[in-house]
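Worksheet: the structure to be examined is printed underneath.
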Amino acid sequence: MEDDLRSEDGLGYDGHQRRVRRTEQERPLADREVPLGHQEQGARVLSPAVHAWLDGELPEASVRKGNTARDVEFWKQVNTEAERRRRMRTPTYLEAQIMQALPQTAPAVITPFWRREFVITPMAAVAAAAALIVVVVAMTAAIMGAVR
């Protein structure tokens, strides 16, 4: 499968020009189907009638015949369970704990480093001055050694 992240400019993921098929240009990205590959041996495939029933195109009675009855029953139970889980509510005590853990004030806007107040401790100032002196002495010694 080809990963087409930049389909609008005709370039592949590596920036090289590639040929774009006519059908890819005409269809928007959301309408493209992704092939699932080869089916394994013994894997069950839903019939087109069950797909049509799930899409709302066929009534349930027309699909509940023969081998598809088991599939219809399975998908009805899936829908029932999904509806039951949608109606679930968070217990009151848990909701209260969540709300209590939230900060009471709005977070402050982070200011950029160049607008923040610059504070340096005396110990940090002494260490910076000592480091600067060491660097200057080393450079002076290097220059004097190169001149001689």
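Every number in this text was worked out from the coordinates using simple rules, so none of it is lab data. It should be emphasised that the depicted structure is a prediction, and the values quoted were computed from it without experimental measurement. Every residue, glycine among them, receives a Cβ derived from its backbone with ideal geometry; neighbour counts consider all protein chains shown.
Here are a few things to note about the model shown:
- Point-charge dipole on Cβ atoms (K/R +1, D/E -1) for segment 49-148, about Cα centre, debye to 20: 220 debye
- Rounded to the nearest 20, the Cβ-based charge dipole of segment 45-101 about its Cα centre (Lys and Arg +1, Asp and Glu -1) stands at 200 debye.
- Placing a pseudo-label 7 Å from each Cα along the Cα-to-Cβ vector at residue 120 and residue 57 gives an inter-label distance of 7.4 nm.
- Dipole orientation for segment 54-103: of the candidates 62, 99, 75, 99 has the Cα lying most toward the positive pole (charges on Cβ; Lys, Arg +1; Asp, Glu -1).
- Summary of packing: across the peptides 82-94, 104-116, the per-residue average of other C-beta atoms within 10 Å ranks them, highest first, as 82-94, 104-116.
- Under the Karplus curve 6.51 cos²θ - 1.76 cosθ + 1.60, θ = phi - 60°, whole-Hz ³J(HN,Hα) for segment 66-75, x wherever Gly or Pro sits: x, 6, 7, 4, 5, 5, 4, 5, 4, 5
- Whole-Hz couplings from phi, Karplus 6.51/-1.76/1.60, listed for segment 93-105; x for Gly and Pro: 5, 5, 4, 5, 5, 5, 5, 6, 6, 6, x, 7, 10
- Note on residue 138 and residue 106: with the Förster distance fixed at 41 Å, the Cβ-Cβ geometry gives a FRET efficiency of about 0.25.
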